[in-house]
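The values are calculated or read from the model by the stated rules, or taken from the named source; none is laboratory data. Model, not experiment: these values are computed from the prediction. Glycine gets a Cβ as well: all are built from the backbone with ideal geometry, and neighbour counts include every protein chain shown. We work out accessible area using only protein heavy atoms, side chains counted, and drop any ligands, DNA or RNA first. Shrake-Rupley method; radii C 1.70, N 1.55, O 1.52, S 1.80 Å.
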Amino acid sequence: MTPSLTKAQCTALVVMVISPTALLIVPKTVMGYVAQDAWISLILSACAAFIAAWMLGRFAAEAKSGVPFPKWLNESSVRYLSPVAGLLLAAYYYSVASTSLHEFTTFISVEVLGTTPKIVLKGVAVLVLMYAAAKGIAPIARISFLVLAASGPLFLLSTLLLLNIMNWHKILPIADHAWNRILLGGITPLGWFSEVAIVLLLAPHMLRPKEVTSSAVWGVALVGIELTVTVLQALFVFGPNLVQSMEYSSFELVGLIEVGNFIERVEAFFFAFWMMTAFLKLSLFFYGAIHLLETTLKLPFSRSPLLVAMGMLLWLDTAFSWPHDMNQDLTTNTNTVVLLVFNLALPIALAALYWLAGGTKPSKGGSDA
Amino acid sequence: MRWFGQLLPFFRSSGRSQQGRRKAQHSSSGAGQGPARSADLNAALSRSLKKNLADVRRLLGDSADLTVREIGGSEGDSVAAVLYLESIVDSELVNRYVMTPLMEWTVGKLTGDRIAHVRENLPVGRLQELNKMGDLVTYLLNGYSIILTDGVAATFAAATTGGERRSVEEPSSQTVTRGPKESFTESILTNMTLLRRRIKSPDLRVESFTIGRKTGTFVNLLYLEGITLPAAVKEIRDRLAKIDVDSILDSGYIEEFIQEETWTLFPTIQNTERPDAVAAGLLEGQAAIIVDGSPFALLAPSSFVKFFQSSEDYYSRYDIASFLRIIRYISFLVSILLPSLYIAITTFHQEMLPTPLLISLASQREGVPFPALVEALLMELTFEVLREAGVRMPRVVGPAISIVGALVLGQAAVQAGLVSAAMIIVVSFTAIANFVIPTTNMSAAARLIRFFMMILGGTLGLFGIMSGLMVLLIHLVSLKSFGIPYMTPLAPFIWNNMKDVLVRVPWPIMKKRPMVSGQHNATRQADSMRVPSGSDRKREGGDR
């Protein structure tokens, strides 16, 4: 493992981990709780996510450059937790890859390829993920940075082109809902924001792991702005009621962009761009699962057999384990709990134990397990 | 063995050329020529003139173009001989500077301490003393005249290389409207001259290799000391030294042997027939490889963006150069994606088209018996056939291809309802866009990728295209060229090197060399160089 990630690349990876699925699901879910006050919930959620990002970043910054997370944990004061933490996180990353892949293919099936069997779409996507994971994290990070750099101007442009159909009055009355309801609305976005915990995986791949805290906070800030603006756009254009009846309001929003009579239906470009970000997210989680498995279990063989086996498992899992369309409860309530447990509770518990037991100083009784 | 240093005395040979020399020795010993012959070549020269002549004749199989001119003594026996291959020497040089002095000398000067006399009095600039049969044969095969004398187990090789050569002409594949009009030739000496004229720096290093057991091809590795990354030079040197094949007939052979990744469609080593492009590459920290017999030099390490830069970008104004460069990138994307997008949208995503356009396309496709994918594949393959025919066909019948291709096939196919007019437009525009890419190997890569994309677009629509693009991107950012990331300075992103990537900024702003240059000596302009402004001009005028 050769460290190669820069701070900017790490920030881009954090954005790519949170943004693609959150962008599709968050507007509808949050508006389901607090309608036109969704943007307040999002801002509050982003504020909480800043704190979480800072804490997770501080913990991840303890990592050694070039030493995988489980190995680093194994050399620390909480080495007895290393196998459990490594396997739990590997299982979690695999689970996110599986869930996200299903969401991804469902979206494609609903929006553009209704007649193509999902099993084929999933198979092709898994092949892409296997190729990405085989090449390692550096290519994923490099592409993420390019995509992030390109998304800024595109996002700005789409906002400008929608200005003429926005109605500012649709967010009125402001703060119409009770504060506890607004806070509750922020829980689902916090679940997505909590995916910033990916920094635990990224830090050892960084040239300077100490910079991971800054990357985590910047990543959350960028996604927070993106989600808040997207929710506001949806509110201004459709209003809260219409958004709740839409499956993917962000996609519908871009579909409204028109420039004269010659540029219209640009959702194809949005779709293509979004697909790229989704691939990056899936690749990173799939790579994370593979990487954690091979480093935790200290597998004596090369990555290829594990890659093929995991790829097959992912394909079959997503093809046969999920219902035809994932229901709303699964994507919001259940998923949010899982996200918060694995991204916040588990790493924070690990961090607390790590610092209580004396940090990097090995505990009494031996060195390597 | 210093023979190559003598062969090209005006090159500054560096201490690192030892490897190349060793390689030359290895190849001249003829690894694949059989044990008896190998032993013959390694043998020392005999003191007997007759034996030496007999050995040479035997080793060359009594070759018809081997000329042996014996010089007789008073007793009628030969005391010296001049050997050369008539086909590759300059007869004028041989007669005037080798034969005439030897004939004019008395027999006494060819006996006794003859070696010293020949060394001191033969009016030839490049004269090499040899004492092995293998070296003698190597020099003979490279156009040298060999002077053998009786009673001495040594010989001299005089540089008389000649034979018919193509003169320096205009480049045929990388033409420019403004800029130098010279191109490399098949002669490594001529090519070195073209480069030496452009870079008059003592830092230009030349290392020589002889590669190819049968062809014994001269290969020169050039770089600028202090500018080219030493690690990259070492890597190239090592890879060149490892090549052990029987023949090298063009730089294309070397390219495939030393490239970082074989299983890729993308070129990771540039080739050019322009000396100015090679000089620019050297000044930007690349190393050049020149192969005798090939008018195409190689430049490495190379990045993806280098294949979109044309020599003319630096000779014309920065504004038009930048505009054209953007056009090239767009053309590359069009070349890869346009047919596949057309297929995907007309097959799977019709709702994405504006209604009038959709109606127009649907009416054109009405009656076409093939799906869009088959239609596009047929048209693209037809174009590739026409293109290949155009290249191979004698020039006088070339225009016929245009007529047959454009009028007969295109128009007739539309009229017969086999393909739609829109498809003809898409395929034609794609083909034209492909020609905009300034390097042929990158445009070839685009042509091949286009077919994959068409199949993906035709089977899985936009999802297939994006999946293909994702794989392509991962592949591109994973590639390296002699340790340098192929997509640099885009990925990894290096802001300071972006001045000559998507656009070319004015020369005074490009103070630093781009990514491939070494850590030291990165600055190529004095600090005083800056973009002149109108007020500067006025001030200068006022001072006067």
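Of note:
- Helix B:421-436 and the longest principal axis of the Cα set of chain B meet at an angle near 40°.
- Efficiency of FRET between A:Leu163 and A:Ile225 - r from beta-carbon atoms, R0 25 angstrom, step 0.05: 0.90
- With the highest mean first, a sort of the peptides A:265-271, B:493-499 on other beta-carbon atoms found within 10 angstrom per residue produces A:265-271, B:493-499.
- Acute angle (nearest 10 degrees) that the helix B:534-543 long axis makes with the longest principal axis of chain B, alpha-carbon atoms: 50 degrees
- Inter-chain neighbour count for B:349-356: the average number of beta-carbon atoms from partner chains within 10 Å of each residue's beta-carbon is 4.
- Accessible carbon and sulfur surface of chain B relative to its total accessible area, %, 1.4 Å: 58 percent
- Working from Cα pairs under 8 Å separated by at least six residues, relative contact order for the stretch B:279-429 is 19 percent.
- Alpha carbon centroid spacing (whole Å) that separates the stretch B:225-286 from the stretch B:456-510: 21 Å
- Spacing of the modelled spin labels on A:Lys64 and B:Ser87, each 7 Å from Cα toward Cβ, amounts to 6.6 nm.
- Average beta carbon contacts from partner chains per residue of A:136-143, 10 Å cutoff: 5
- Simple spin-label estimate for A:Val120 and A:Leu316 gives 2.3 nm between the two label positions (7 Å along the Cα-to-Cβ direction from each Cα).
- Placing R0 at 45 angstrom, the Cβ-Cβ distance between A:Thr2 and A:Ala352 gives a FRET efficiency of 0.90 after rounding to 0.05.
- Length added when fully stretched, A:Lys298-A:Trp54, from 0.36 nm per residue minus Cα-Cα: 84.8 nm
- Cα long-axis angle, helix B:188-198 against chain B (0 to 90 degrees, to the nearest 10): 70 degrees
- Comparing A:Leu299, A:Leu24, A:Leu202 in a Gaussian network model of chain A (Cα springs below 10 Å), the most mobile by mean-square fluctuation is A:Leu299.
- Taking every full run of DSSP H in chain A, the ones that stretch at least 24 Å from end to end by Cα along their long axis and average 1.0 or higher on the Kyte-Doolittle scale are A:7-34, A:38-60, A:118-135, A:137-162, A:212-238, A:267-296, A:303-320.
- Length added when fully stretched, B:Ala54-B:Asp203, from 0.36 nm per residue minus Cα-Cα: 49.1 nm
- Taking every protein chain into account, the accessible area of the stretch B:188-302 amounts to 33 square angstrom per residue (probe 1.4 Å).
- Taken along the Cα-to-beta-carbon direction at a fixed 7 Å, the label points for B:Ala406 and B:Ile330 span 2.3 nm.
- Under 19 Å from the Cα of A:Lys298 - aspartates and glutamates, other chains or at least 8 residues apart: A:Glu75, A:Asp368
- For chain A: relative contact order, % (alpha-carbon pairs under 8 angstrom, 6 or more apart): 41 percent
- Cβ-derived FRET efficiency at R0 41 Å, B:Ile425 paired with B:Thr193, nearest 0.05: 0.30
- Packing-based order for A:343-351, B:169-177, using average beta carbon neighbours within 10 Å, highest first: A:343-351, B:169-177
- Gyration tensor verdict on the stretch B:49-159 (Cα atoms; rounded if a/c is under 1.5, prolate if a/b is larger than b/c, oblate otherwise): rounded
- Total accessible surface hidden between B and A, rounded to 100 Å², 1.4 Å probe: 2600 Å²
- For the set B:Lys200/B:Lys499; B:Lys214/B:Lys242; B:Lys132/B:Lys234; B:Lys306/B:Lys511; B:Lys234/B:Lys480, the pairs lying more than 24 angstrom apart at their alpha carbons are B:Lys200/B:Lys499; B:Lys132/B:Lys234.
- For the stretch B:164-175, putting each phi into the Karplus relation 6.51 cos²θ - 1.76 cosθ + 1.60 with θ = phi - 60° gives couplings of 6, 9, 6, 7, 5, 10, 6, x, 9, 10, 10, 7 Hz, in residue order, rounded to whole numbers and with x for Gly and Pro.
- The stretch A:111-147 and the stretch A:264-321: distance between their alpha carbon centers, rounded to Å: 7 Å
- Chain B - mean residue ellipticity at 222 nm from DSSP helices (-39,500 (n - 2.57) per run, n ≥ 4, rounded to 500): -13500 deg cm²/dmol
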